[in-house]
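Asks: Take this structure, written in structure tokens, and hold onto it; I'll ask about it next.
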Amino acid sequence: MKAAQINNYGHADAVKVQEVAKPVPGNGQVLVEVHASSINPFDSMVREGFLKDTILLNFPVTLGGDISGIISEIGEGVSDFKIGDKVYGQANVVGGASGAFAEFASTKSSQVGKMPANLNYTDSAAIVMTGLSAYQVIYEHMNLRAGQTILIHGGAGGIGSVAIQMAKHLGAHVITTASGEGIKFVKDLGADEVIDYRSQKFEDLVTGVDAVFDTVGGETYDKSFGVMKMGGVIVSMTTQPNKDLSEKFGVSAIYQSTHTSTEQLGELAKLVNEGVVNVRVDKVFTLNQIKEAFEARESGSVKGKLAIKIKD
């Protein structure tokens, strides 16, 4: 089978599509014939070696986490799925799976769920990590409620675009940051206020919000504490909690480390099937175009998600 792998850390051109042996599902695992995947920032971090001091990899490594496809084999101890089930979920090497950017992927059955009924394979793959991340932040960490105000940094990105939709569904007032074509994009998603981060400073325009969802980090994260109500919550995808700022402004600070489970994939599928969350795929690449796909994602111009079509 074909798989996109790295033999050493590096930039996008380090990724090579090559022939490898088809994985065999172990105990508690399923083998998925992968129809589609998508690229997340975490995939770039693994490829570049930013996590090499904490995550040990044995090269060659098949990259990628998000998958959608059909179960073709079932390992021992799996009872929740059967051969032929259409599923979506995670198959990341760092989670004990075989990697998503491949024609077949083995992964724990607890890392997949039934695909949303009204999505195709490409859209299903694109919503996995973005959808789970937004769900865990909005519904669990923040417990966002109607009438509250949330500031979402990076609303035009994959996670931010889903978070906007979930927050609006719950009845929150949504403020987000974007620029260029992303401004219209987030308005179409339902954002109530949009701040052009290239020409405006959110800290001069926003005050008294109940929650902040940070997907940017750096100074953006630090300055966000000053625009919040006491007792509010800030959740970051990029930055560990700043205890000093948390205590100074009287807010809770949480770092989001996304986890995958069959149960939460089911909850996400419900939101998709009910029309609460619409998947926004900006561009679709083939497996042979994986280098170009990484370059496009890392250009910073993507609105929504980039998907990888693996099987027609």
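Asks: If I ask for residues that are exposed (fewer than 15 other Cβ atoms within 10 Å of the Cβ) and among the aliphatic types (A, V, I, L, M), which ones from the range 27-50 would you list?
Replies: Listed by number, the list holds a single entry, 45.
Asks: Hey, another quick one. Among the residues of the range 230-282, write down those that are assigned to a loop (DSSP other than H, G, I, E, B) and either without any contact (Cβ under 8 Å) to a residue 40 or more places away in the chain or in contact with a strand residue (DSSP E or B) (Cβ under 6 Å, 6 or more places away or on another chain) (or both).
Replies: Passing the criteria: 238, 239, 240, 241, 242, 250, 251, 256, 257, 260, 274, 275.
Asks: Give the residue, chosen from 156, 100, 146, 105, that is farther than 30 Å from residue 202 by Cα and part of a loop (DSSP other than H, G, I, E, B).
Replies: 100 is the lone residue from the list that is farther than 30 Å from residue 202 by Cα and part of a loop (DSSP other than H, G, I, E, B).
Asks: Name the residue that is farthest from residue 34 (Cα to Cα), counting only residues in the range 55-84 that are touching a Pro at 6+ places or on another chain (Cβ under 7 Å) and either at pLDDT below 95 or outside any loop (DSSP other than H, G, I, E, B) (or both).
Replies: Only one residue tops the list, namely 74.
Asks: Select from the range 168-186 the residues that are out of contact with any Gly (no Cβ under 6 Å at 6 or more places or on another chain), within 14 Å of residue 151 (Cα to Cα) and not small (Gly, Ala, Ser) and list them in ascending order.
Replies: Matches in the range 168-186: 173, 174, 175, 177.
Asks: Taking only the range 216-236 into account, find how many residues are crowded, with 16+ Cβ neighbours inside 10 Å and modelled with pLDDT under 95.
Replies: 1
Asks: Give the residue, chosen from 21, 91, 14, that is of a type outside the set (Lys, Arg) and surrounded by 18 or more Cβ atoms within 10 Å (Cβ to Cβ).
Replies: That would be 91, the only listed residue that is of a type outside the set (Lys, Arg) and surrounded by 18 or more Cβ atoms within 10 Å (Cβ to Cβ).
Asks: Which numbered condition in (1) under 16 Å from the mean Cα position of the chain (by Cα); (2) more than 28 Å from residue 302 (Cβ to Cβ) is the only one that residue 22 fails?
Replies: (1)
Asks: Ok, one more. Within the range 237-253, work out how many residues are crowded, with 16+ Cβ neighbours inside 10 Å, among the hydroxyl-bearing types (Ser, Thr, Tyr) and either closer than 22 Å to residue 166 by Cα or not assigned by TED's automatic domain parsing to the domain that holds residue 162 (or both).
Replies: 1
The values are calculated or read from the model by the stated rules, or taken from the named source; none is laboratory data. Because the structure is a prediction, the values reported are computed rather than measured. Neighbour counts are summed over all protein chains in view; Cβ atoms, including those assigned to glycine, are modelled from backbone coordinates with ideal geometry.
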